[in-house]
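Written out below as structure tokens is the structure these notes cover.
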């Protein structure tokens, strides 16, 4: 006995050519075109004037990306993105191979600087280069009294101009006269 799958009323079983084109353009131009531009290019419009067309395309682009209204379109967009990520994704082996190809082509073109950079990047991926940063901090508690006195003297010397200004402002604010004319 063959049971037919019930479908929700109003939902088509497959995508229309315009919906497919919109989804493909949206994924292909991701980050370079707005969704409404993809909708316009796919053939969606909303009126006779350019403003009405743009507004209609904006509304339609928004609706097409709503999973409650167009689940098939949203699913297709997700599938296209997943396919793109598999194709252009990064993995260890592929990354090393691609850097090797770049290095070989650079050597072939006698571009030794680019070849060196590619080879160094391959080494970093392979873990041959380790960037080390040493940050040394000293605790005041570990210093001797003489070292503390020297350190304080250096700080006072380095900041003498700031300290002089601070001493001037210790006066009564009513006694301080402005140095520049206020007019």
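The values are calculated or read from the model by the stated rules, or taken from the named source; none is laboratory data. This one's a predicted model, so the numbers in the text were calculated from it and none came from an experiment. Using ideal geometry, Cβ is built from the backbone for each residue, glycine included, and neighbour counts are taken over all protein chains shown.
So for the stretch 37-48 (the condition being within 24 Å of the chain's Cα centre (by Cα) and outside any helix (DSSP H, G or I)), does at least one residue qualify? No, that holds for no residue.
Counting residues in the stretch 17-28 that are within 24 Å of residue 85 (Cβ to Cβ), at pLDDT 70 or above and surrounded by fewer than 15 Cβ atoms within 10 Å (Cβ to Cβ) gives one or more. Taken together, the residues in the stretch 146-183 that are surrounded by 10 or more Cβ atoms within 10 Å (Cβ to Cβ), modelled with pLDDT under 75 and assigned to a loop (DSSP other than H, G, I, E, B) amount to 1.
Each row is one residue, and each column tells you yes or no for (1) surrounded by fewer than 10 Cβ atoms within 10 Å (Cβ to Cβ); (2) farther than 30 Å from residue 27 by Cα; (3) under 25 Å from the mean Cα position of the chain (by Cα).
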{"position": "88", "(1), (2), (3)": "yes, no, yes"}
{"position": "96", "(1), (2), (3)": "no, no, yes"}
{"position": "99", "(1), (2), (3)": "no, no, yes"}
{"position": "109", "(1), (2), (3)": "no, yes, no"}
{"position": "124", "(1), (2), (3)": "no, yes, yes"}
